[in-house]
2 protein chains.
Amino acid sequence: MLLLHRAMVLRLQQACRLKSIHSRLCIQACSTNESFQPQRPSLTFSGDNASTGGWRVMGTLLGLGAVLAYQDHQCRAAQESTHIYTKEEVSSHTSPETGIWVTLGSEVFDVTEFVDLHPGGPSKLMLAAGGPLEPFWALYAVHNQSHVRELLAQYKIGELNPEDKVAPTVETSDPYADDPVRHPALKVNSQCPFNAEPPPELLTENYITPNPIFFTRNHLPVPNVDPDTYRLHVVGAPGGQSLSLSLDDLHKFPKYEITVTLQCAGNRRSEMTQVKEVKGLEWRTGAISTARWGGARLCDVLAQAGHQLCETEAHVCFEGLDSDPTGTAYGASIPLARAMDPEAEVLLAYEMNGQPLPRDHGFPVRVVVPGVVGARHVKWLGRVSVQPEESYSHWQRRDYKGFSPSVDWDTVNFDSAPSIQELPVQSAITEPQDGETVESGEVTIKGYAWSGGGRAVIRVDVSLDGGLTWQVAELDGEEQRPRKAWAWRLWQLQVPVPAGQKELNIVCKAVDDGYNVQPDTVAPIWNLRGVLSNAWHRVHVHVAP
Amino acid sequence: MLLLHRAMVLRLQQACRLKSIHSRLCIQACSTNESFQPQRPSLTFSGDNASTGGWRVMGTLLGLGAVLAYQDHQCRAAQESTHIYTKEEVSSHTSPETGIWVTLGSEVFDVTEFVDLHPGGPSKLMLAAGGPLEPFWALYAVHNQSHVRELLAQYKIGELNPEDKVAPTVETSDPYADDPVRHPALKVNSQCPFNAEPPPELLTENYITPNPIFFTRNHLPVPNVDPDTYRLHVVGAPGGQSLSLSLDDLHKFPKYEITVTLQCAGNRRSEMTQVKEVKGLEWRTGAISTARWGGARLCDVLAQAGHQLCETEAHVCFEGLDSDPTGTAYGASIPLARAMDPEAEVLLAYEMNGQPLPRDHGFPVRVVVPGVVGARHVKWLGRVSVQPEESYSHWQRRDYKGFSPSVDWDTVNFDSAPSIQELPVQSAITEPQDGETVESGEVTIKGYAWSGGGRAVIRVDVSLDGGLTWQVAELDGEEQRPRKAWAWRLWQLQVPVPAGQKELNIVCKAVDDGYNVQPDTVAPIWNLRGVLSNAWHRVHVHVAP
């Protein structure tokens, strides 16, 4: 089944290249049609229907990171849906030349002009060309949302011959059936793939986040790796030798232990969504956690494979053992200069807080790249290679990048922005929480602060009046080493509630040792991917009378 | 004369230490006196008077970087000035035990409680203890401002015996008499020491700033160094050897050339002053310039003196050949880790844009520390040593640090903040200028953008409506190397003026490759030293009808 898919994708990818000029012309022509109002959803396919059908509705965020902000797109192939098509007719529309058709339930859609706009990448949508969407929407549950159905409705061209209607439940094995059991405290943003964050009140309870509540960001089903047969393939340098390392082999390298905070680029996305819709995982303040990681240094392993820092602009590409139905593994890369720098302390980690990595966090081996966005800390690591360019993975080149607030899905050029590596300074309030009622008298405000690139947090300012006046919070947690401040600082401020106040607008902002600061507001850093959300964190609370 | 001063300072510094407890108690007691209103100035000393007296009014910013924001201080020793004192009586008040008195014109002041608050450091004020202020104010012209005189008036205790009145012109040789001639285009913020910036319209005319209009930040008179007898003293490591390098010796090290932008920590201070007064050099947007520097790598020179990066937390201390009347040289330090890192490209530069360094920029040798605040690029370099701690220089420990907006001169603890090294992301509009009238039709907006730490500027967003909507500017200037983006990017945006607009609120903000952004507004980053002013730059222009 997977092999079949792969062959089809290759064929269809070739077709995609041929039609790109056509599609671009269409986008230009249609983008002037600004007065058009989208139709209401007309589809009957329901996620609930599928979830009660014996297997859970599943979804991977494959390439789109759960963001489907294309609903404002103006192109619509047809507004009327009177035609009746046979299944055979549909199946003959699988290329730009013939048109690319798909079905959902009894409805037929011409998505030719949409293929190139698909946030998950054209190839993912082309998997369904000429046939039903259901088997794929079952895998990528993020589609089961009203705005996606609204969007699709704009491409409707007719109805399927009633005799040809596809059964809503398709025989598909559940790739998530083997996912591990999770801690019930986690706030789940997406079940399949599993994405969840600890609640704020637990997040800053401990400087080291306990493994079971460490935030989890999976892009695909969790692979079940046999530690006895596991091998990490490291491609050798020219003149060097490729390595095939067992877990025991990895343990023979000198072991390093470092405390590192991981943060998802989408942490605090929910605040961006409040400014303007960004579809996807609604991370609140919890897509960040801290652990003590143990493992071999990447630079030692690369050196054994003969790599040196002679080609300073090269990149180290990582591939996970997690893969999508096309066989494409999760992948990402970091600059070779960082990988080879002993001071950057990049690890091939096999321990998390003194225990073998939990399955959700990459068992048996993951990359840990201190100071860098979580997306590069590739889990279930299968392959390491040095390449002249960044990873060609979707997640490196078509995701996890920042853009101007003016850029939308019609104008975005992913090649124009660098992949996110180091993250900017960040902080958030975890106590009290938004909407809470606090006692008059004294209030204790708690939170975390962190910055990328090894830059230490040197100060956290807290305001009770929305940012008019500030007080300096007390920094807790471990002192950080110069240039290697890989972990967060927790902070708190005990402060009298000003007499007579009925509410407080609590704000925090952090400063790192490069004197970088957080921006005041969200709107000017809004971006279509909802990443890099690091404006002042604001919490509104009531004061008990 | 200098020797005499030095001996006196030593004696007085000892005295200062003894009285520190007393002074702190005073600060606490007085800081509750919030209702007191400062008196109007009552002194007749005039800068104009001095400047026409045959020698220019001179000033060095010695240790206070031209900021004298202590006028709000609440302590006042006396409100009445009826007593008459003899010169002899005044001269017996030179210690905390006796009280510390000074005179200005015919007036006598007890500044015992102020000595510790002196932004230039207690030792500088103690130079004048028991005698007239005029000779020192002549050196430090920044004092000749009304708010300083207002402050001093609060400490007045009486009048000097008319027979003992000091002549307003004091015999003092002018340490600035030998300063070089400057380009008339420079906008002068302080003549003595010389501090000046290029006008905005010239600043971004060239990617490389021509030497004559490169911004100049001097803390002291410009030394006149004989290149033939010049020696750079490099203290050797234990087991290594100290070096005494002539210019020829330095030329024997491999020569490196790099393009580096230097920025003063006080660039754009004038915008902070608009929020709340910050006394000092009113740098506009021009305390930043870019040159091609040539010289020996610091790491090569340190290696020859036997230094290694074994003590990773050590610092490299630099001393200039410029010194104040006490013989104290300008000094600063950077971490040894940066100094020894070949990738950090720290230079001992002897060339600026292909020419020997101009005298104003450190002839014959200055330090160039790419990505780091200008204050560490020590000019007229005389001595290099490796120390376990940062430089004890005033400019390293009591200046060039950032604080919360809530911190004032009564509460500041300079030890609580790290010295500024890397600077945060910065950008400014140089064309059009604030208040200008632009043609309707199309407007061209130009400016610069830069970030510290080798982080490249990846994007500049420009708004015509005060930050509601944004457009992406075109980046000009040289592409930057990864992790070594030491130089600015110039940028421009040609954009139609929206029809019917009578005015534009133009704003710019930059993003660096760590996705650090500039804060929206100035007030939340305001600090008592007026440094790190990197909020969005705003320019209001009128549109010609």
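Overall, the range B:84-164 carries a charge dipole of about 320 debye about its Cα centre when +1 sits on the Cβ of Lys and Arg and -1 on the Cβ of Asp and Glu, all other atoms neutral. Measuring between their Cα centroids, the range B:217-234 and the range A:421-450 lie 51 Å from each other.
Taking beta carbons within 10 Å but only from partner chains, what does the mean come to for residues B:504-516?
Values: counts 0, 0, 0, 1, 0, 4, 0, 8, 4, 7, 16, 17, 16.
Per residue, the number of nearby Cβ atoms from other chains is 6 on average.
A crude spin-label estimate for the pair residue A:174 and residue A:146, with each label 7 Å from Cα along the Cβ direction, gives 2.7 nm.
The tail of the calculated P(r) for the range A:84-164, taken as Cα-Cα distances beyond 21 Å, holds 18 percent of the pairs.
Modelled spin labels at residue B:161 and residue A:161, positioned 7 Å past Cα toward Cβ, are 12.3 nm from each other. Here the Debye sum runs over all C-alpha atoms of the range A:191-398 as equal scatterers in vacuum, and log10 of I(q)/I(0) at q = 0.11, 0.12, 0.18 Å⁻¹ comes out as -0.50, -0.60, -1.33.
Within a 10 angstrom radius of the beta carbon, how do A:190, B:427 rank from fewest other beta carbons to most? Don't skip to the end; give the middle numbers.
Values: A:190 20, B:427 27.
So the residues, fewest neighbours to most, are A:190, B:427.
Note that the range A:159-298, at 4 °C in a medium of 1.567 mPa s, gets a Stokes-Einstein diffusion coefficient of 69 µm²/s from its Kirkwood radius over C-alpha pairs.
When the GluC sites (Glu not before Pro) in the range A:452-500 are filtered for DSSP coil states and for at most 11 other beta-carbon atoms within 10 Å of their beta-carbon, the remaining sites are A:479. Counting neighbouring beta carbons within 10 Å and listing from fewest to most, the residues B:465, B:360 come out as B:465, B:360.
Each residue in B:214, B:414 was given a count of other beta-carbon atoms within 10 angstrom of its own, and listing them fewest first yields B:414, B:214. The Cα-based radius of gyration and maximum Cα-Cα distance (Dmax) for the range A:319-407 are 14.0, 46 Å.
Once you order the gyration tensor axes a ≥ b ≥ c over the Cα atoms, which shape class does the range A:425-533 get: rounded for a/c under 1.5, otherwise prolate or oblate by comparing a/b with b/c? Since a/c reaches 1.5 but b/c is at least a/b, the shape of the range A:425-533 is classed as oblate. A crude spin-label estimate for the pair residue B:244 and residue B:300, with each label 7 Å from Cα along the Cβ direction, gives 2.4 nm. Averaged over the residues of peptide B:523-533, the number of Cβ atoms from other protein chains lying within 10 Å of each residue's Cβ is 3.
Using only the alpha carbon atoms of the range A:192-248, find the Kirkwood hydrodynamic radius as the inverse mean reciprocal pair distance, in angstroms to one decimal. After inverting the mean inverse Cα-Cα distance, the result is 14.9 Å.
Values in this text are rule-based calculations from the coordinates and carry no lab data. All of these numbers come straight from a predicted model, not from anything done at the bench. All Cβ positions, glycine included, derive from the backbone under ideal geometry; neighbour counts span all protein chains shown.
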